[in-house]
Amino acid sequence: MSNATQERIATFLRDKQAAETAFIAELVKVPSDNPPGDCAPHAKRAAELLEGLGFRVEQYAVPDDAVRASGMISATNLVVRERFGDGPVIACNAHGDVVPPGLGWSVDPYGAQIKDGYMYGRGVAVSKSDFATYAFALLALQASGAKLNGTVELHLTYDEEAGGLIGPARLLEQKISQPDYAISAGFSYAVTTAHNGCLHLEVEVIGKSAHAAMPSTGVDALEAATGVLSDTYAIRKTYAQRKSKIAGIDSPTLTVGLITGGINTNVVPDTVTLRLDRRIIPEEDPAQVEATLTKQIKESAAKWPGISCNVRRILLAVPFVPMPGQEKLVEAITRNGTNIMGEEVKSRGSPLYTDARLYSATGVPTVLYGAGPHTLLEANGHRADEKLKLDDLHKATLVIALAIYDLLGE
């Protein structure tokens with residue numbers, strides 16, 4: 001550490017490690033699965049915990065119509081503001097909604113169990129951990145008496161798994177916050193400066209039902225959908241030829257994640273619905289990607305007599321691309337991260353898509369950094385036995401606190 005203020009920040013956080021661990025455990029214990037997306041109870045508990053730390057928490061309940069339009073049940077956005085002085089506003093955003101636990105857990109996904117220095121639980125790494133990272137970093141800055149020129153805000157939102165439009169996008173559109181910089185939830189061993197976009201499409205293949213004893217009187221939507229699937233997978237193979245120039249990002253991907261349809265075992269299926277996920281690398285034009293894939297799917301369905309096909313967009317998240325101003329955030333975080341994490345912390349891209357794109361899209365220089373391992377796979381993110389190394393949590397909190405001190409310090 002180069003000065004007394006930095007030492008005070010580090011000492012404060014060492015003394016608060018047990019409290020930070022307890023804080024994140026309480027967040028993990030309250031389910032916030034999305035779907036179904038009934039997340040207001042978690043926001044209420046998070047607000048109570050933040051107020052217990054001494055913060056004033058602004059709570060913005062999202063109107064029911066907007067929540068339903070996002071496919072959710074309830075959501076409340078939380079904002080904490082600490083104004084240290086005149087200067088830029090740095091927003092720190094993490095999301096509290098999580099994917100459902102699924103099968104295969106060896107522990108209670110809401111138990112926040114600690115084993116061998118790791119806490120286990122759904123959302124412990126993605127990204128309830130960064131509720132703690134950012135909150136305790138801000139506590140340390142307050143306690144240090146640091147003379148800072150600017151404001152730090154915490155944006156704690158609940159719709160990342162549904163696209164972010166009633167979370168960060170709403171805070172920005174309604175000018176509840178107008179940050180100059182943003183740090184979004186990430187992992188401890190790299191600063192993410194770009195990531196893929198994502199297109200979700202719903203493909204409805206429509207035929208005509210008939211009794212299974214007389215199948216020729218109908219038009220089998222499932223048979224046609226099988227052909228559409230085959231053609232779609234053939235298209236997917238061509239994506240390997242396209243490569244992103246950004247380290248950490250490879251090629252576009254396409255996954256068919258859901259298939260529903262049919263009436264009964266003894267009835268020719270009249271409708272089959274597919275939902276697919278197409279990841280968009282930063283070099284691609286999202287509108288062109290959507291138009292091309294939609295055209296290809298409809299042409300495939302048109303090969304089948306008597307079949308019609310509807311293609312509907314569910315989500316279009318544009319890629320998060322590098323932009324001017326990021327370098328200030330990158331420099332502060334990578335320098336402090338390298339000193340604290342015990343290895344060189346670099347900047348890179350990510351194949352995921354996140355709420356960071358929503359800040360960047362409004363012209364706010366944004367990066368991703370927070371608590372977690374090198375990769376999502378190491379954290380078991382979106383899988384059974386999601387886990388977080390508590391040492392990474394405590395180190396990342398110190399990195400964030402020192403980086404903000406450097407960015408806003410006199």
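Here are a few things to note about the model shown:
- Within the straight-line cut-off of under 20 Å between alpha carbons, the aspartates and glutamates reachable from LYS387 are GLU20, GLU26, ASP33, ASP97, ASP108, ASP116, ASP130, GLU160, GLU161, GLU378, sequence neighbours fewer than 8 places apart in one chain being disregarded.
- Cut-off 13 Å between beta-carbons: net charge of the residues surrounding TYR118, Lys and Arg +1, Asp and Glu -1: -3
- Dividing the summed -39500 (n - 2.57) terms of all DSSP H runs of n ≥ 4 by the residue count of the chain sets its mean residue ellipticity at 222 nm at -11000 deg cm²/dmol.
- Candidate aspartates and glutamates - alpha carbon under 17 Å from LYS328, same-chain residues fewer than 8 apart omitted: ASP180, ASP406, GLU410
- Total charge dipole magnitude, the chain, about the Cα centre, Cβ charges on Lys, Arg, Asp, Glu only, Debye to nearest 20: 480
- Derived scalar couplings ³J(HN,Hα) [region 163-179; Karplus, 6.51 cos²θ - 1.76 cosθ + 1.60; whole Hz; x for Gly, Pro]: x, x, 6, 9, x, x, 4, 5, 4, 6, 5, 8, 6, 5, 9, 9, x
- Here's how it looks for VAL99: its modeled amide H is under 5 Å from those of ASN34, which are all 5 or more places away or on a different chain.
- Ratio of Rg to Rh over the chain (Cα coordinates, Kirkwood Rh, two decimals): 1.03
- Put a dot 7 Å past the Cα of SER251, heading toward its Cβ, do the same for ALA22, and the two dots end up 5.2 nm apart.
- Pairwise centroid distance, computed over Cα atoms, of region 33-110 with region 305-337, Å: 21
- For region 197-317, lysine pairs with C-alpha atoms less than 20 angstrom apart, excluding pairs fewer than eight positions apart on the same chain, total 6.
- Whole-Hz ³J(HN,Hα) from phi, Karplus 6.51 cos²θ - 1.76 cosθ + 1.60, for region 357-368, glycine and proline x: 4, 6, 6, 4, 5, 8, x, 8, x, 9, 9, 10
- In the chain the longest region clear of trypsin sites (Lys or Arg not before Pro) that are loop-assigned by DSSP and have at most 13 other C-beta atoms within 10 Å covers 304-410.
- The residues packed around ALA132, meaning those with a beta-carbon under 11 Å from its beta-carbon, carry a net charge of -1 if Lys and Arg are +1 and Asp and Glu are -1.
- If only the Cβ of Lys and Arg carry +1 and only the Cβ of Asp and Glu carry -1, the dipole of region 197-317 around its Cα centre is close to 260 debye.
- Potential lengthening of the chain between ALA384 and ALA213 amounts to 57.2 nm, from the contour at 0.36 nm per residue minus the alpha-carbon distance.
- For region 30-39, the Karplus equation 6.51 cos²θ - 1.76 cosθ + 1.60, evaluated at θ = phi - 60°, returns couplings of 9, x, 8, 5, 9, x, x, x, 9, 9 Hz by residue, with Gly and Pro reported as x.
- Taking label points 7 Å from Cα along the Cα-to-Cβ direction, GLN59 and ARG14 give a separation of 3.8 nm.
- Across region 197-317, the relative contact order, built from alpha-carbon pairs under 8 Å that are at least six residues apart, equals 43 percent.
- Residues whose placed amide H lies under 5 Å from that of LEU315, excluding near-sequence neighbours: HIS200
- SER350 long-range amide H proximity, modeled H, under 5 Å: ALA194, HIS195, ASN196
- Per residue, the convex hull spanned by the alpha carbons of region 197-317 comes to 91 Å³.
Read the figures in this text as sums done on the coordinates, not as results from a lab. From a predicted model like this one, the values you see are computed outputs, not experimental measurements. FYI the Cβ positions are ideal-geometry reconstructions off the backbone, even for glycines, and counts take in every protein chain you see.
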